[in-house]
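First the structure, in the form of structure tokens, and then the observations on it.
The values are calculated or read from the model by the stated rules, or taken from the named source; none is laboratory data. Because the structure is a prediction, the values reported are computed rather than measured. FYI the Cβ positions are ideal-geometry reconstructions off the backbone, even for glycines, and counts take in every protein chain you see. The protein model used for the area step is the full one, side chains on, heavy atoms only, and it has no ligands, DNA or RNA in it. Shrake-Rupley method; radii C 1.70, N 1.55, O 1.52, S 1.80 Å.
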Amino acid sequence: MAERSTAAVDVADTSGEEPLTAKAGQATDDGAEAEKVSGREQDAPRTGEKGADAADSQPPELHSGHKLARRYRLEECVTRLDGFSSWRAVDEKLRRAVGVHVLPADHPRARPVLSAARSSALLGDPRFVQVLDAVEDNDLVYVVHEWLPDAVELATVLANGPLEPHDAYQLVSQVSQAMAAAHREGLSHLRLTPGSVLRTEAGQYRIRGLAVMAALRGITCEHPQRTDTEAIGALLYAALTQRWPYENDAYGLTGLPKGVGLIAPDQVRAGVHRGLSELAMRALVNDGATASRQEPPCTTPEELAKAVAAMPKIRPPETAFTSPPPYQRTGYQQGSYGQPAARNGQSVRATQPVATPPPPLQSRTGKALKWSVSALLIAALGLGSWQLADTLLKRENDPDNPGSSQTAGGPAKKPDGKPIKIEDGAEYYPDGQPQHPDQARATYDGDPATYWRSKSYREGPDLNPAFKKGVGLVYDLGSTQPISTASIGLHYTGGHTTVTLYAANSLSPSEPLSSMRELGTAKTSGSTAKVTLKSPEKARYVVVWITAMPYSEADDYSGAGYKQGVTEVSFTS
């Protein structure tokens, strides 16, 4: 089968098509859940009649270092079950990580697996983890798929708590639309669980195992669209409540209390979004649930996707940037003295009557008083002008004022700090997940037009430590130098950016922050973050660590989201 390019893929899964269920060489069985998708027994997918034969079929004798087709080098076995095994591997031809499912050619499910893999590959939808190759080679059949190390299973995400309404909305929207597209092409999943949905750093959801996992497990179903729809409803239910919507515990989630039945998410946990709660019940209605407002049940992914689209959109909890109100001129500037000022471009009626000016002063006494007042006004204006001039003169001669000019005979201007040359630099990523390491040199090349950029993130401006604690760069100053200030040029403005400097021990991209000495922090919404130290600190290696980034729309190089780019970095002693 022709190989599919995935050069544009930035993220990858942390295992094969299944969660890590066994170490290499150990047998495993995930019990009844292996044969059930939604938790309903009367219409759950069933295994084929050859299930017993599959259990008797022994997996191929493979080991780490074994090569398939002289190309795919097996690295680590992540699942060994029911006559097949799943591996993390390396495509030595394209030098990238891949996942591989391997089973004997005489396995009763070998042909269905090949057929499912080839059908899934033909779909070519980027919302699914892509099948790259499906091969029968002598006594083996193997399926090669994308490996996405930067993505996290939904089960892992939910271990930290339920999703915010906006995230849950994105989950059900993206997954239902993807599955609707798959069913239009005659493909179903039948194993749609929190372990088969991955969340990328950019907040996108990817589905792995389309058609292939059901074929590997020998799962069949009379009503595949309804089964997949209920599975999406279960995912949404779990995302809203951090509970599995059935009595049995599953995927690291606690099930519902026995005997109470399927109750709405907003009755399980306080503060659950009402519309999403009802949507979950509409998808799970085939299991006995009833939507609170009696909307019709959703029995296909297409119907569910339309129901999601009909909902009012749920916006992120924090708006990155709010535009200031339009500039308002006063009534005097508008030439409407005595009229109420306009609000948002529209005139409004005055709530208070406009006072009329007093009549002019009369008689000699009035004239004298008028001249006295005029003289006082002139004196006040003169005094104010003199004070203003004196203030400006003092500011002009202030050596600490960066915009002042030195006058003759005045004190010498305070000299600026001495620039420190950056000898080398690299990207800093202690979590093992780099951004764009090849762009680090652009941050000290002397050209503000070139820059290093981060990926786009969904949550912000402050990054969510559960997914990404920060992004950064590390610099080598050549030798230990006294550092007083640092200037970090920023490509994106608005919202806010938070930058912290650390004194590191080396140019290593993975040295933990806990081993470093914090130097200073700056927070800005502008194009430059300036970190001024209370007193000079000596260091040779300095980490620029960014923990908050503004929201910016999509451009030629990255998608919309919370992101930042660094143009030029400089240090002074």
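The table below lists the values:
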quantity: Mean Cβ count within 10 Å, highest first, over the residues of peptides 307-314, 98-105; calculated: 98-105, 307-314
quantity: Calculated Rg and Dmax of the range 183-225 using C-alpha coordinates, Å; calculated: 11.6, 36
quantity: Net length gained if the chain between residue 136 and residue 311 were fully extended (0.36 nm per residue, minus Cα distance); calculated: 58.3 nm
quantity: Estimated inter-spin distance, residue 263 and residue 527, nm [label 7 Å along Cα→Cβ]; calculated: 5.7
quantity: Heavy-atom accessible surface of the range 73-153: percent carbon and sulfur, 1.4 Å; calculated: 47
quantity: Å² of accessible area per residue within the range 168-212, as computed with a 1.4 Å probe and no ligands counted; calculated: 21
quantity: Per residue accessible area of the range 440-530, 1.4 Å probe, in Å²; calculated: 41
quantity: Theoretical FRET efficiency, 1/(1+(r/R0)^6), r = Cβ-Cβ of residue 445 and residue 69, R0 56 Å, to 0.05; calculated: 0.85
quantity: The range 57-149 - accessible surface per residue (Å², probe 1.4 Å); calculated: 42
quantity: Largest to smallest accessible area among 298, 221 [probe 1.4 Å]; calculated: 221, 298
quantity: Above-threshold pairs, the threshold being 23 Å between Cα atoms, out of 421/469; 469/534; 421/563; 469/523; calculated: 421/469; 469/534; 421/563
quantity: Förster radius 30 Å - calculated FRET efficiency between residue 513 and residue 487, Cβ distance, rounded to 0.05; calculated: 0.90
quantity: Per residue, the convex hull volume that the Cα atoms of the range 171-293 enclose (Å³); calculated: 125
quantity: Percent accessible area from carbon and sulfur atoms, the range 193-273, protein chains only, probe 1.4 Å; calculated: 47
quantity: Share of carbon and sulfur in the accessible heavy-atom surface of the range 416-472 [1.4 Å probe, %]; calculated: 49
quantity: Residues listed by number, the range 421-455, amide nitrogen under 17 Å from residue 506 label point at 7 Å toward C-beta; calculated: 424-432
